[in-house]
Amino acid sequence: MSKQTQEAAAKPPKAPLSIEPRYIVWLVGTLTGICLVVSLLLGVVNQVTKPRIDAIQKAKMEAAMAQVFPADEYIAWEGSLPSHVSALYLARSGGADAGWVAETSTSGSQGIIKMMVGVDLEGKVTGVSVVKHSETPNIGTKVVDDQSVLERFTGMSHADGEITVNSGSNRFDGVSGATYSSKGVAAGVNAALAAVGELS
């Protein structure tokens, strides 16, 4: 038997690690207390900031609606909505129905493009406003952030079929190098026209 083997045999076995129950209770109680305090603080912060965030979002949406279809009031449509349309509002002016504003969400090159689309009672686009996107700067943003590009949709309808990008009888001329973004916006406009068409 080697010297190392003899030394190992001579060493007494290690006693199993034991933790006092009081320490375990203290540890669990401390961690639970920390979790409760953090949850309480998060709840307080949410209560303080949520109304402000909601108010800012509401003002932004109302400004976008007014931009695409100016009206005295916008009444939320309570019926079922087709694909890509997250909300639909009846625009009223002087107590009479004037048209519609649709909130749509479609896919762009880098994510969801959320926009407002105004449609008059004849089924023609009155305006398009992108309210949220994640398109590539200086590429996709040449479509979604350029109001002069979005205004190309004004006056278009489904009278000649669905709007297509860079081809077809109902053609929207997209921005060179930003085809996916152009198609994303066109899809949102088509969704809005389809939704209004179902109600006409």
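Taken together, the values in this text are just the output of simple stated rules run on the coordinates, not laboratory data. As the structure is a computational prediction, the values presented were derived from the model and not from experiment. Every residue, glycine among them, receives a Cβ derived from its backbone with ideal geometry; neighbour counts consider all protein chains shown.
Here are a few things to note about the model shown:
- Every test in (1) assigned to a loop (DSSP other than H, G, I, E, B); (2) within 20 Å of the chain's Cα centre (by Cα) is passed by residue 192 save one, and that test is (1).
- Selection status of residue 54, surrounded by 10 or more Cβ atoms within 10 Å (Cβ to Cβ), among the acidic types (Asp, Glu) and not in a strand (DSSP E or B): yes
- Where residue 60 falls short, out of the listed (1) in contact (Cβ under 8 Å) with a residue 60 or more places away in the chain; (2) within 19 Å of the chain's Cα centre (by Cα); (3) within 22 Å of residue 174 (Cβ to Cβ): (3)
- Where strands (runs of 3 or more DSSP E) fall wholly inside the range 66-119, the ranges with 3 or more residues that are touching a residue at least 60 places away in the same chain (Cβ under 8 Å) are 96-107.
- Only one of the numbered conditions (1) more than 20 Å from residue 112 (Cβ to Cβ); (2) part of a loop (DSSP other than H, G, I, E, B); (3) in contact with a helix residue (DSSP H, G or I) (Cβ under 9 Å, 6 or more places away or on another chain) is violated by residue 175, and that is (1).
- Within the range 90-110, the residues that satisfy the criterion of being under 18 Å from the mean Cα position of the chain (by Cα), over 15 Å from residue 186 (Cβ atoms) and not hydrophobic (A, V, I, L, M, F, W, C) are 103, 110.
- Checked against (1) within 20 Å of the chain's Cα centre (by Cα); (2) of a type outside the set (Phe, Trp, Tyr); (3) crowded, with 19+ Cβ neighbours inside 10 Å, residue 126 passes all but a single condition, namely (1).
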